[in-house]
Amino acid sequence: MSVDAVEEVAAEVDRYVLGTGEAGADRLRILHRAYGPGTRRFLGLAGLKPGMRVADIGCGVGQVTVDLAELVGVKGHVVGVDVSRAQLAEAHRLAHQLQLANVSWVEASALSTRLPSGSFDLVYCRYLLLHLVEPEAALGEMHRLLRPGGILVCEDGDLDFCRK
């Protein structure tokens, strides 16, 4: 990894504004109880199918990542990506509890995942872009990860709407 890439990841970590670890996991579990059923429906409508290879960018504690792993089944695979080692530790524990073998984790910035180009059928993020200084760069990285004809699914909010 180049010095520039390391500095980029370090800057992204410095901007990680949400709580991590068990406190952050509790908050995200509550949110997932509210938003999870809609997310699962949305993913189905978007074209998620068993056997797909999926990336969950900004996966946090892995709530959606494990849903994705269940939905793609044993012939599919999901890669959860997050810049926070603490969040990924919680995500790994959750997947281990559920005995999911079709999920893996990558500690990386949403702006530079270092994953191979064109290697995913579907790339997903939820409530990630609104926290980034450069959401367009993250979208570009997600697009890079998609195979030709792949599906990009983003669930996000518009904080500008709240300021009006």
(request) Determine if region 70-89 includes at least one residue that is of a type in the set (V, I, T), part of a helix (DSSP H, G or I) and touching a residue at least 12 places away in the same chain (Cβ under 8 Å). (result) yes
(request) Test each condition in (1) surrounded by fewer than 20 Cβ atoms within 10 Å (Cβ to Cβ); (2) in contact with a helix residue (DSSP H, G or I) (Cβ under 8 Å, 6 or more places away or on another chain) for F120 and report the one that comes out false. (result) (1)
(message) Condition check: at pLDDT 85 or above and open to solvent by 20 Å² or more (accessible area, probe 1.4 Å). Does Q63 satisfy that?
(response) yes
(message) Given the options V72, V81, name the one that is hydrophobic (A, V, I, L, M, F, W, C) and either more than 17 Å from V153 (Cβ to Cβ) or under 11 Å from the mean Cα position of the chain (by Cα) (or both).
(response) V81
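The values are calculated or read from the model by the stated rules, or taken from the named source; none is laboratory data. Everything numeric here is computed off the predicted structure, so don't read it as measured data. Neighbour counts are summed over all protein chains in view; Cβ atoms, including those assigned to glycine, are modelled from backbone coordinates with ideal geometry. Each accessible area value is taken on the protein alone, full model and side chains, heavy atoms only, with ligands, DNA and RNA left out. Shrake-Rupley method; radii C 1.70, N 1.55, O 1.52, S 1.80 Å.
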